[in-house]
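*Asks:* Handing you a structure now.
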Amino acid sequence: MKKKYFLVLLAFIFLFKVQAQDTDASSLPKNDIKLNAFNLIALAAFDVGYERILNEESSFGVDIFIRIDDDSDFSDFQTFAITPYYRQYFSNKYAKGFFVEGFASLNSGREENFFIDVVDEVDYTDFALGISIGGKFVTPRGFVTEIFIGIGRNLLNDNFSPEIIGRGGVSIGYRF
């Protein structure tokens with residue numbers, strides 16, 4: 001008699017476990033669209049990104065950075081960048097929490113060159129590789145916030161491009 005109760009109890013537990021695991025990762029949203037609010041406010045730049053989630057712990061994406069105001073204090077900084085990246089997440093949650101990313105950046109901008117008595121502005125284009133760290137937070141309804149910072153090195157060694165580039169910000173967006 002005890003065996004029958006034990007088998008019935010075991011069957012209920014098994015059925016409950018199967019139902020609890022019914023929501024698999026394939027039914028979860030896999031796309032994030034984001035706007036870097038920090039760059040918009042501090043650098044007067046439009047920085048928008050798209051991220052595609054590959055699985056619960058990795059994704060790839062691309063950010064596009066376009067300077068809006070050429071007369072700002074940072075006008076000799078980057079004016080354009082397209083930055084693809086790959087992220088690896090380190091949490092028990094689905095594509096959120098602490099992450100490390102590797103990125104590549106095709107960037108261009110304007111640098112000031114000082115000659116003997118003349119200040120000349122020179123445009124540059126360069127390609128960088130780098131690494132970033134950060135955190136992503138997602139609400140149950142899909143609101144996304146992320147904070148990240150990174151550093152990269154320009155590789156084409158143009159005389160006028162900066163040797164080191166920065167990447168970072170506070171982004172807000174939506175997961176769908």
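*Asks:* Suppose the filter is within 15 Å of the chain's Cα centre (by Cα) and either over 18 Å from PHE60 (Cα atoms) or at pLDDT 95 or above (or both); does ILE165 pass it?
*Replies:* Answer is no for this residue.
*Asks:* Moving to a separate point now. Please go through the stretch 105-132 and give me each residue that is over 15 Å from PHE160 (Cβ atoms), at pLDDT 90 or above and surrounded by fewer than 16 Cβ atoms within 10 Å (Cβ to Cβ), ordered by number.
*Replies:* Within the stretch 105-132, LEU106, LEU129, ILE131 meet the criteria.
*Asks:* Failed condition for ASN159, given (1) closer than 19 Å to ILE33 by Cα; (2) open to solvent by 90 Å² or more (accessible area, probe 1.4 Å), with all others met?
*Replies:* Here ASN159 clears every test but (1).
*Asks:* Can you find even one residue in the stretch 60-73 that is polar (S, T, N, Q), under 25 Å from PRO162 (Cα atoms) and at pLDDT below 65?
*Replies:* Checking the stretch 60-73: at least one residue is polar (S, T, N, Q), under 25 Å from PRO162 (Cα atoms) and at pLDDT below 65.
*Asks:* Another question about this same structure. Looking only at the stretch 37-53, how many residues end up being without any contact (Cβ under 8 Å) to a residue 40 or more places away in the chain, surrounded by 14 or more Cβ atoms within 10 Å (Cβ to Cβ) and part of a strand (DSSP E or B)?
*Replies:* Qualifying residue count, the stretch 37-53: 5.
The values are calculated or read from the model by the stated rules, or taken from the named source; none is laboratory data. Quick caveat: nothing in here was measured; it's all calculated off a predicted structure. Every residue, glycine as well, gets a Cβ built from its backbone with ideal geometry; the counts of neighbours run over all protein chains shown. Accessible surface areas use protein heavy atoms only, side chains included; no ligands, DNA or RNA. Shrake-Rupley method; radii C 1.70, N 1.55, O 1.52, S 1.80 Å.
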